[in-house]
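A.B. asks: Structure below; questions to follow.
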Amino acid sequence: MDGVADLVGLSGLVREGIKLLRGCELSVDGSSFRMGVFSAIPMVKITENYPLSGTEASNMRRDLRFGSCRGSLSVTPEGLPQLRMRWEEPYRGEGVDVFALVPGAGGREELHVTSSVTVGGRTVSYTSVHTRR
């Protein structure tokens, strides 16, 4: 995550906040895909909603800067949920998240979120691993 933090110019305070992230929660209802990232501090949670139709939706920027992040949900050729996002200045860019449930140690499933962020022609990718409870 340090590479992405450098790419989008995150402040020290926000970088410290990233260390408090504890998980990712996904849900689907009849019309939307919801992704939430939560932290050790219950009041700090980022929640994004995307229509299952693939229509673009507006959410908060993940870097907590003013402005919005526009994104849409699609399905990869492998059948995995994929979010495509874009945001304006400062640090105008785009991102892609792909979600996959994979077998983990001890028979527990893991959620692997592979993320790529592009700003100013530079791309940084990383995978977050969350153990299913």
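A.B. asks: Across the range 95-133, what is the number of residues that are under 23 Å from L20 (Cβ atoms) and of a type in the set (V, I, T)?
C.D. replies: 7
A.B. asks: Under 8 Å by Cβ, and 6 or more places apart or on different chains, what pairs join a residue from the range 1-30 that is at positive phi with one that is part of a loop (DSSP other than H, G, I, E, B)?
C.D. replies: As it stands, the answer is G9/P90; G9/Y91, since those pairs meet every condition given.
A.B. asks: Those residues that are farther than 15 Å from N59 by Cβ, surrounded by fewer than 16 Cβ atoms within 10 Å (Cβ to Cβ) and in contact (Cβ under 8 Å) with a residue 12 or more places away in the chain, I need them from the range 31-42; list them, please. First the steps, then the outcome.
C.D. replies: Let us first name the residues in the range 31-42 that are farther than 15 Å from N59 by Cβ, namely 31, 38-42.
If we keep only those that are surrounded by fewer than 16 Cβ atoms within 10 Å (Cβ to Cβ) as well, we get 31, 40-42.
Selection gives S31, A40, I41.
All of the numbers you see were taken from the coordinates with simple rules; none came from a lab. What you see is a predicted model, and the numbers here were worked out from it, not measured in a lab. Methodologically, a virtual Cβ is constructed for each residue, glycine included, from the backbone with ideal geometry; neighbour enumeration extends over all protein chains shown.
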